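Note sheet for the following structure.
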Amino acid sequence: MPKTEILFQGIIDNNFHIDAIKNIAGIDQINELIFCVAFARSEGVDLVLNEINVDISKIQFYLGVRNGITSIQSVNTLLKKKIKTFCVDTGKSGVLFHPKIYLSSNNQTGYSIIGSANLTESGLARNIETSFLLEFDLTDQSDQQAFTLLKNSVIQLPNNHPNNVKEIHNQREIIQMLWDGILIDENIIVKNNPAQKKNPSKSKTTKPINSFRK
């Protein structure tokens with residue numbers, strides 16, 4: 001059975017998702033590092049890439065799109081770095097691809113972070129977010145099977161849903177996705193977009209919660 005820890009970013013000091021991602025990306029002789037998230041923004045992608053030191057051939061990103069949040073800037077950054085990137089489009093604005101899974105492994109150990117943190121600066125370092133950090137012993141048959149099942153649920157998305165999961169190969173593809181409204185431009189503020197989260201002013205009656213921020 002995998003070892004389990006709780007990440008409670010913002011409530012527990014020094015319990016940030018970006019640090020946990022850095023740790024699981026820093027294992028010896030890493031075989032793979034997989035990101036599977038609903039939302040991605042350029043500041044989140046930059047934060048992760050600045051904190052990890054992994055051969056890009058071992059990295060994969062699976063990003064939800066058509067959600068009013070994932071941006072052309074985030075995908076373009078990965079494209080420029082030549083990192084294998086897939087965009088997951090449910091084809092429906094009312095149905096989101098909504099997981100937040102981070103995976104890494106070597107021959108002996110697998111790690112996963114599963115919870116609420118998206119690939120955004122706020123999700124990784126500012127928001128109040130919670131996740132399970134799981135450590136799998138890949139020399140144990142039960143742990144190995146559980147980790148493989150979890151990993152395959154992500155990496156088999158392109159084969160299982162070829163009409164909805166597309167690997168990004170060039171900038172022309174992401175520009176077309178922008179034109180089609182599947183990606184958004186971070187430099188443009190879209191008014192009255194129900195998919196965009198509003199940022200209301202501070203409440204006059206509720207005192208802001210005390211939370212830790214990185």
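FYI, it's all coordinate maths here, none of it is from the lab. These numbers come from a predicted model, not from an experiment. Note that each Cβ is placed from the backbone with ideal geometry, even for glycine, and that neighbours are counted across all protein chains shown.
When the Karplus curve 6.51 cos²θ - 1.76 cosθ + 1.60 is applied with θ = phi - 60°, which whole-Hz ³J(HN,Hα) does each residue of segment 36-53 get, with x for Gly and Pro?
So the Karplus estimates, Gly and Pro as x, are 9, 9, 6, 10, 9, 10, 4, 5, x, 5, 4, 4, 5, 5, 6, 9, 10, 9 Hz.
What does the helix-only formula give at 222 nm for the chain: each DSSP H stretch with n ≥ 4 adding -39500 (n - 2.57), the total divided by the residues, and the result rounded to the nearest 500 deg cm²/dmol?
Value at 222 nm, helices only: -8000 deg cm²/dmol.
Hey, can you rank 31-40, 85-94 by average C-beta count inside 10 Å, highest first? Walk me through the intermediate numbers first.
Numbers: 31-40: 22.4, 85-94: 16.8.
Highest to lowest by the protection proxy: 31-40, 85-94.
Measure off 7 Å from each Cα along the Cα-to-Cβ vector at Lys84 and Ile155, then give the distance between these two points in nanometres to one decimal.
Spacing of the two 7 Å Cα→Cβ label points: 0.7 nm.
Have a look at the DSSP beta bridges in the chain and tell me what percent are antiparallel, nearest 5. Walk me through the numbers before you get to the answer.
Details: 28 of 41 bridges.
So the antiparallel bridges in the chain amount to around 70 percent.
Which percent of the Cα-Cα distances in segment 1-41 go past 16 Å?
Numbers: 449 of 820 pairs.
Summing the P(r) of segment 1-41 above 16 Å gives 55 percent of all pairs.
Bin width 5 Å, origin at 0, all Cα-Cα pairs of segment 76-169: what percent of pairs per bin?
Whole-percent P(r) values from 0 Å outward: 2, 11, 16, 19, 22, 18, 9, 2, 0.
So how compact is the chain: Cα radius of gyration and Dmax in angstrom?
According to the Cα coordinates of the chain, Rg and Dmax are 17.5, 55 Å.
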